[in-house]
Amino acid sequence: MCIRDRILDVLIVWIFQASMKPYDEPLWFQLTVRSFLNPISEEVVMRGFIFGCFFLTTPGLIIKLLKNRKFIKFSFPFHKLWVILMLLLQAYLFAICHENPTLFNWSIRLSSGLLYGLLYLVYKRNLLPSITAHITHNLLITLANL
């Protein structure tokens with residue numbers, strides 16, 4: 001169980017005086033927090049900040065810093081390779097930030113991180129498609145666990 005889930009459990013026990021077992025929250029909490037607020041916050045942090053602001057702007061900064069030095073020429077394949085590498089890295093970070101008791105769960109998180117990252121790139125760095133896909137995924141899992 002990750003730290004975020006433990007903090008939420010402590011808050012629920014304290015506010016609502018309810019005993020909390022893992023994933024034993026009230027339905028309204030599961031639908032609002034796990035299905036809507038968590039995906040939005042995760043997409044803003046993972047795709048918006050880490051992938052968009054940090055990873056994708058780094059090659060541009062490197063090119064600007066080294067532009068006066070004529071010994072390194074950056075080409076389009078470097079940019080493509082960089083984006084692919086950063087797409088894989090952000091998906092890996094997304095997968096390890098979740099509770100993954102089995103390799104199967106980890107691979108699902110990794111593939112969904114790749115999907116959300118691709119949606120972010122295909123729709124020209126727009127977070128709405130990846131947020132929508134993430135909300136849909138979490139909502140389906142929540143409803144399937146009822």
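The values are calculated or read from the model by the stated rules, or taken from the named source; none is laboratory data. Everything quoted here is computed from the prediction, not taken from an experiment. Cβ: placed from backbone, ideal geometry, glycine included. Neighbour counts: every protein chain shown. Side chains are part of the model used for accessible areas, which takes the heavy atoms of the whole protein and leaves out ligands, DNA and RNA. Shrake-Rupley method; radii C 1.70, N 1.55, O 1.52, S 1.80 Å.
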Output for the range 107-135, where each listed residue is in a helix (DSSP H, G or I) and open to solvent by 70 Å² or more (accessible area, probe 1.4 Å): LEU115, LEU118, VAL122, LEU128, THR132
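Results for (1) open to solvent by 80 Å² or more (accessible area, probe 1.4 Å); (2) at pLDDT 70 or above; (3) part of a helix (DSSP H, G or I), shown as yes or no for each residue.
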| position | (1), (2), (3) |
| --- | --- |
| PHE54 | yes, yes, yes |
| PRO59 | no, yes, yes |
| LEU65 | yes, no, yes |
| ILE72 | no, no, no |
| PRO77 | yes, no, yes |
| LEU81 | yes, yes, yes |
| LEU88 | yes, yes, yes |
Subset of the range 95-146 [basic (Lys, Arg) and under 10 Å from the mean Cα position of the chain (by Cα)]: ARG109
Search result, residues across the range 113-142 that are under 18 Å from PHE55 (Cβ atoms) and touching a residue at least 24 places away in the same chain (Cβ under 8 Å): GLY113, LEU114, TYR116, GLY117, LEU118, TYR120, LEU121, ARG125, LEU127, SER130
